[in-house]
Amino acid sequence: MPNQDLKNDRFLRALKRQKVDRTPVWMMRQAGRYLPEYRASRAKAGGFMDLCRNAELCCEVTLQPLARYGLDAAILFSDILTIPDAMGLGLRFVEGEGPVFDRPLQTVADIRNIGIPDPEGELRYVMDAVSTIKSALNNSVPLIGFAGSPWTLATYMIEGQSSREFAKTKKMMFDEPEALDELLAKLSESVAIYLQAQIARGADAVMVFDTWGGALSPAAYQRFSLQPMELIVAKLKKFAPHIPVILFTKNGGQHLSKMADTGCDALGVDWTTDLRDARAKVGHRVALQGNLDPLCLLARPERIREQVARVLESFGPGEGHIFNLGHGILQQTPPEHAAAMIEAVHELSPRYHV
Ligand code: CP3
């Protein structure tokens, strides 16, 4: 059991709702453009995908926030869109526009034609990054692996880029739901084996980012977002029962109870749900991760501290809370404001764990 060798296992303990001395903390998108040292590494690499394909540079940027702050976990530096790229859709990141696919899925035949990428083949560069990071961490803190949810990946693959309304994806969902089911089945299988490979290379926990599940009706959420994630959890639990799985549906507050029934270990909660209500909904089934509004980090440090206190108070005393932002940290965030948040968690949380 490699976990027992970790010098700091607060994050893994909290995921299992075991006793900790203070609430563990990490930040979604903790390695990224708000850090000047990240921008320097990114410039060395060239494009964002060049950075993702270079294990040494991935490792360098993964460690940057850990060098600055007292964080309790590292997260693999990569992207959720590596899987669609490996399926042959041709991913590019266009400055100021975000991700773009050269060959989006347009027809049922396109869906039939895509295959399931081999994590140690087309996606080997991600696995090499996991190994390099795991070894550089030297068991200081756990390493989180991740993937996008099938539904979230499908939206990018069908729209061909970021979208607000998901017009093409929803048209397919209503017109040809079986075609969408077929795509989601391929993505579920791809995500499951991709996360298994990350675990085999040393990831200590894995997280599924369902950024766009909150755009669905409750019935559609159940079929097109939750069921594929449930399948992934089942496969992961069969493969590595002791590795914690975190599910995060942004804007998914109303689905927390159903999400807790998937057999996952923890749920990410954004700031639109109060942690007290979330805890009441999930009971002792799962731990909760969140949920400070990332925009709060633009305010002055005294205000940040007040909001940290509020989040800690909303979860209340007891085990099973991982402090985090409710979504990724903004590029405009002053790095010292992130420090203020983390210091406040260190100072204010021990009283909840007596
Ligand atoms: O949390 C971490 O530090 C780990 C790395 C990570 C990145 N992306 C790095 C990244 C993770 C976990 C992601 C997940 C991701 N990627 C999601 C789901 C999480 C979420 O935010 O809801 C999504 C939807 C994506 C797709 C994606 N990748 C988008 C929309 C963008 C932004 C494009 C832009 O130009 O703003 C990216 C690029 C990206 N992924 C960056 C980083 C640090 C910025 C790239 C750069 O350096 O220019």
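Derivation of every value follows stated rules applied to the coordinates shown; laboratory data play no part. From a predicted model like this one, the values you see are computed outputs, not experimental measurements. Heads up, the Cβs are rebuilt from the backbone with ideal geometry, glycines too, and the neighbour counts pull from every protein chain shown.
Tabulated data for the structure shown
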quantity	calculated
Highest to lowest packing among 17-29, 92-104, 187-199, scored as the average C-beta count within 10 Å	187-199, 17-29, 92-104
Lysines with Cα under 17 Å of K19, excluding same-chain neighbours fewer than 8 positions away	K7
Amide H partners (placed H, <5 Å) of D293, local residues excluded	G326
For G160, net neighbour charge (Lys/Arg +1, Asp/Glu -1) across residues whose Cβ lies under 15 Å away	0
Pair S162, F174: separation of 7 Å Cα→Cβ label points (nm)	2.6 nm
In Å, descending, principal axis extents of the Cα set of region 261-354	38, 29, 17
Three-way shape call for region 90-137 based on the alpha-carbon gyration tensor, with the a/c threshold at 1.5	oblate
Mean Cβ neighbour count within 10 Å, used as a protection proxy, ranking 151-162, 113-124 highest first	151-162, 113-124
For A287, residues with placed amide H under 5 Å, excluding near neighbours	A266, L267
Within-15-Å neighbourhood charge of V233 [Cβ basis; K, R +1; D, E -1]	0
Computed Rg/Rh of the chain, alpha carbon atoms with Kirkwood Rh	0.94
Derived scalar couplings ³J(HN,Hα) [region 69-74; Karplus, 6.51 cos²θ - 1.76 cosθ + 1.60; whole Hz; x for Gly, Pro]	10, x, 8, 9, 7, 9
Neighbour net charge for G148 - beta-carbon separation under 15 angstrom, K R +1, D E -1	-2
Gain on full stretching of the segment that runs from R276 to Q222 - 0.36 nm per residue minus C-alpha separation	17.0 nm
For S162, distant residues with modelled amide H under 5 Å away	none
Cα-Cα pairs of region 1-139 separated by more than 25 Å (percent)	39 percent
Translational D in µm²/s for region 63-144 (Stokes-Einstein at 10 °C, 1.306 mPa s, Kirkwood Rh from C-alpha pairs)	106 µm²/s
Per-pair calculated FRET efficiency, R0 = 41 Å: D181 and R92 via Cβ, rounded to 0.05	0.90
Backbone HN-Hα couplings from phi across region 186-196 [Karplus 6.51/-1.76/1.60, Hz, Gly and Pro as x]	5, 5, 4, 5, 4, 5, 4, 6, 5, 6, 4
Pairwise FRET efficiency - R103 versus K16, Cβ, R0 = 45 Å, nearest 0.05	0.60
Burial ordering of V286, V61, fewest other beta-carbon atoms within 10 Å first	V61, V286
F48-H284 FRET efficiency (beta carbon distance; Förster radius 30 Å; 0.05 resolution)	0.15
Note, ³J(HN,Hα) from phi for region 285-296, Karplus 6.51, -1.76, 1.60, rounded to Hz, x at Gly and Pro	6, 9, 7, 10, 10, x, 8, 5, 4, x, 5, 4
